[in-house]
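S.K.: Take this structure first; my questions come after.
The numbers here are math on the coordinates, done by the rules we state, and not lab data. None of these values were measured; they are calculated from a predicted model. Positions of Cβ are backbone-derived with ideal geometry, glycine not excepted, and every protein chain shown enters the neighbour counts.
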Amino acid sequence: MRLGTCTWAGHGLVSMRLGSLQRYATYFLTARHCVRRANESGDKPVVRVNSAETGVSVIDISTLTWNYPDNDASDMAVSELIPDGLYSGTTLKAFDISLILTKDEAKRVQLGIGDELICTGLFQMRTGDRRNIPIARFGNLAAMPEEPLLDEDSGLEFDAFLAEIRSIGGLSGSPVFTRLPPGRKDPDGETAISQQWFWLGTIRGHWRQDQFSAADATSGEASMLNTGIAMVTPAWEALEVLNDDDYVRDRRESERELRKKDAPGEAPTSS
């Protein structure tokens, strides 16, 4: 996603089925700070995606409205309902809402330190000219969001997973998934017979070496700290927005319009 003058941000697409129809409501997901920087830059935000055939397509998203969780320190951003056909002819694929990790689901599968993580995004040093060339970064869950962290700009508290995925600048907003192997038992003793996938959340940022104090650097402690630790905004914060009354109402209206459009018409009368 091209946001602002020189900011590359990751993004995801999530879809929700519209009632009993085989049709879906789709939304963009990214980091809130990326949307903010795009607005501050004055540039038109666009999404640059691979075309289904060859080359790339550039989608203008400047007219989309973005909404956020109630916590002002949350870094999750969810777009309004995307118009049908906005990304047709591209390779963009949405993942189903069932992949969103909830707090209850995290407890059920006993998600914890060491679980495998996969993050997809673009590498700033090699984004691709003729086509986007995405990369996948692999790692492990380093810490659960047991205690809130402090946002350095607002001073407000926020929740985040800590992830050992050697995160670097430019991955903000990129989706992070966790893959749990078969054979894992839940609290009731039930054993999973197949691997399970969940969307853990989006990259918020990472700690840089210069964020450690001079005292740490002098003592040599900083050199022992892994600066590849990323902060991941929990996926359930996106669910908070998607379940908002306005979003539910928009989906119901979209479903009504589709049913009306697909309804059979009267047979023409003979003259």
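S.K.: Look through V56, V35, V46 and report the one residue that is over 20 Å from the mean Cα position of the chain (by Cα) and farther than 30 Å from D186 by Cβ.
M.R.: On the way: V35 fails: over 20 Å from the mean Cα position of the chain (by Cα); V46 fails: over 20 Å from the mean Cα position of the chain (by Cα).
Of V56, V35, V46, the one residue that is over 20 Å from the mean Cα position of the chain (by Cα) and farther than 30 Å from D186 by Cβ is V56.
S.K.: State which residue is surrounded by the fewest Cβ atoms within 10 Å (Cβ to Cβ) when the search covers only the stretch 125-182 and only residues that are under 19 Å from G12 (Cβ atoms) and polar (S, T, N, Q).
M.R.: N132
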